[in-house]
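Below you'll find the structure, written out as structure tokens, and then a few comments.
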Amino acid sequence: MSLLKKLFSKEKQITIEFCEKNLDRFYSDEDFSVIGPFLQGKGVEYKQYECQSKCKYCKQSPYAIINGEFVQAESPSELLKKMKEFK
């Protein structure tokens, strides 16, 4: 894809960063089967880190850093809804 097409594309590119410990703590296999297709979708780039040094939040509920913004939710499915809003 050319640089101009990327710059003027109607579809937004989002970057999502996860903490491995948070994923292990709050996500089940079923959650991963639902979130996986979204993460593999067009316009989504994600990274998983061993630790993001947000231990206080990590112990409370699922979270992700989306386009540099910290986003927390009550459940993995609610976090997925919030991630979709960024797209």
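The values are calculated or read from the model by the stated rules, or taken from the named source; none is laboratory data. In this text, all values refer to a predicted model and were calculated from it rather than measured experimentally. In this analysis, Cβ positions are derived from the backbone assuming ideal geometry, glycine residues included, and neighbour counts consider all displayed protein chains.
Before moving on, here are some points about what is shown:
- Selection of the stretch 51-65 for residues being crowded, with 17+ Cβ neighbours inside 10 Å and hydroxyl-bearing (Ser, Thr, Tyr) yields only Tyr63.
- Filtered residues of the stretch 7-45 (kept if surrounded by 12 or more Cβ atoms within 10 Å (Cβ to Cβ) and in a strand (DSSP E or B)): Ile14, Thr15, Ile16, Glu17, Phe18, Cys19, Val44
- When the criteria are applied in full, Gln48 fails the requirement of being touching a residue at least 12 places away in the same chain (Cβ under 8 Å), in a loop (DSSP other than H, G, I, E, B) and either within 10 Å of the chain's Cα centre (by Cα) or surrounded by 14 or more Cβ atoms within 10 Å (Cβ to Cβ) (or both).
- Any hit, the stretch 68-78, residues being within 24 Å of Lys12 (Cα to Cα), exposed (fewer than 12 other Cβ atoms within 10 Å of the Cβ) and not β-branched (Val, Ile, Thr): yes
- Residues of the stretch 10-32 that turn out to be modelled with pLDDT under 95 and polar (S, T, N, Q), as a count: 1
- Scanning the stretch 60-87 for residues that are assigned to a loop (DSSP other than H, G, I, E, B) and modelled with pLDDT of 95 or more returns Gln60, Ser61, Pro62, Asn67, Gly68, Ala73, Glu74, Ser75.
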